[in-house]
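A.B. asks: Encoded as structure tokens, here's the structure I'll be asking about.
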Amino acid sequence: MTGTTANNRKYLMSGAALILVAAGAYGLGRVYPPLGPSAGTIAPSQRYQAPQVGEGDITLGDTSVPELMQTDAFELMVHDENFRALAATPGFKALAGQPQVMAALMSNPKAFAALAANPKAFAALTNAAQNASALQPRAHQATAQLMSAIAGHSAAMQALASHPQALAGIARNASAFSSFASNANAFRDAAARAAADARLASNAAAFQQLASDNAAMKALAADPSVFSALAANAAAFKALSGQPQALSAAVNSAAAAAHQLQSAGVSNSALAALAANPSAFAMLAGQPKALAAIAGHSNAFAALAAHPAAMAAIMRNASAFSSFASNANAFRNAAANAAADARMASNAAAFQRLASDNAAMSALAADPRVFSSMASQSLAFASLASNAHLLSSQLMSAMGSNASAFAKMASNAAMLSSASQALQAMNAHSLVASAAAANQFNASASQAVLANPQAFSAMMANPKAFAAVSQNSAAMAALAANPKAFAALAAQPNLAALMANPSFSAALNQAGVSQAASQSQAN
């Protein structure tokens, strides 16, 4: 037994202990004894002997379910009575059947804990996410531009954000304020006499309050070029000007995210890419080993990201593709004839499109080790498979151009969590501002989003999946009753990856966990 294996085993056991404490609501408060010897691999005789596999459980060539069942993380879970009791509840079964929702929950359990206790609020937020889904591409573009402006002018932008009505007034016509970029005193004088200036008159009182705020004016005097940054992104700021409070909140969230990411060495251009892909970054923040792997093989991942269905299939069953790490040509040949390859047959068209993409295949030929990088972190990548469509080529490339910074962040869970939550909040605030400008959000919807920005941002990534959960009373009850259990699971990347794995529900069924636990409760 290697030291690394022993440490991984210890790590998983400590995670399991956390689950047991958190799951005390089930009245089963005892720690299940360690599973046999302290070796990192469970002996075959100790593994669950699964019942007969159903026809719909596994696609031919897909070994993801049986491989998932052989992991230490799964073994520790299913041998624990507390988890088995939780898994037997109808609500947990419903959640396990929605891997996209489970992935979001594992990325930020705190965002959903209080919200789940109020089904009406949860449903209202879900409806808001569905109604605003059409605005998301435009909002993401505006968010990226907002981050571009804030990244180099954080203090000045926050000074403006401390006066929401004044900031919104500037945002509606940013180009008209560009002349102040060379003369902050001129801005102060104009703001003090706002009623006499056509650019400021409609928000005279707000600009006068800004002019009398010495701290804010000092920040602007130190960086008057912020007006040039605003003017350079005039269209984006106009699109966000409809809800002053949301715009100001977006600025503050962006500044918080920029501070965290810049301190790790992330470039301003990469910040814009992260701002445009907040849900994807939140998922990666919960799986730092996958994040580090992507940063180290960014060109290959960017190539795969252009073909999300194929990438999702590889992520879901990464071990089966590991042999291609030494032969990229073999992968191209297999993908071109995907219908004849059991690993690819269920997504044959997607793999054939990938095989015909010369640029993508060149990137994979230059770095075939991308396949072994996924296989070595198969559990982590499988948890991302359901949301592979969120992993854009733009994001992959940005991570690659800042590989050392993301490698540094991968070992700092607190920094990753803080940055991802700030980006999600920025995304939600920006979307509220955009929706208000487009007259698509009423006041109650806006307030609901502003009160739950991270949860709303996660819902925006998969509104239909969250709508299904919101209509399932058992699933809502399971979320509301077990916040500590879900938080404990989310705190351990290996266990969180297991929960978000698309094969998790099928693995539980094949292991007989739900049935055995239900029978135990009945007895």
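A.B. asks: Mean residue ellipticity at 222 nm from the helices of the chain, using -39,500 (n - 2.57) per DSSP H segment of n ≥ 4 over the full residue count, to the nearest 500 deg cm²/dmol?
C.D. replies: Calculated from helices alone, the mean residue ellipticity at 222 nm is -20000 deg cm²/dmol.
A.B. asks: Using alpha carbon centroids, what distance separates segment 277-348 and segment 448-467, in Å?
C.D. replies: 27
A.B. asks: Net charge near PRO224, counting Lys/Arg +1 and Asp/Glu -1 over other residues with Cβ under 14 Å of its Cβ?
C.D. replies: Result for the neighbourhood of PRO224: 0.
A.B. asks: Further question on the same structure: Picking from LEU274, PHE381, SER298, whose Cα lies most toward the positive end of the charge dipole for the chain (charges on Cβ: Lys, Arg +1; Asp, Glu -1)?
C.D. replies: LEU274
A.B. asks: A further question on this structure: Mind sorting SER179, SER434 by how few other Cβ atoms lie within 10 Å of their own Cβ, fewest first?
C.D. replies: SER179, SER434
A.B. asks: Relative to the first principal axis of the alpha-carbon coordinates of the chain, what is the inclination of helix 244-263, with its axis defined by its Cα atoms, in degrees from 0 to 90 and to the nearest 10?
C.D. replies: 60
A.B. asks: Taking Rg/Rh (Cα atoms, Kirkwood Rh) as the quantity of interest, determine which of (i) 1.09; (ii) 0.93; (iii) 1.02 was computed from the displayed structure.
C.D. replies: The value computed from this structure is option (iii).
A.B. asks: Give the order of THR89, THR63, THR143 when sorted by the count of other beta carbons within 10 angstrom, beginning with the fewest.
C.D. replies: Ordered from fewest to most neighbouring Cβ atoms within 10 Å, THR89, THR63, THR143 come out as THR63, THR89, THR143.
A.B. asks: Give me the number: length gained by fully extending ALA198 to SER178, i.e. 0.36 nm times residue separation minus the C-alpha to C-alpha distance, one decimal in nm.
C.D. replies: 5.7 nm
A.B. asks: Placing +1 at every Lys and Arg Cβ and -1 at every Asp and Glu Cβ, with all other atoms neutral, what dipole size does the chain have around its Cα centre, in debye to the nearest 20?
C.D. replies: 480
None of the figures in this text is laboratory data; all of them are computed from the coordinates on show. Every value quoted in this text rests on a predicted model; they were computed, and no experiment measured them. FYI the Cβ positions are ideal-geometry reconstructions off the backbone, even for glycines, and counts take in every protein chain you see.
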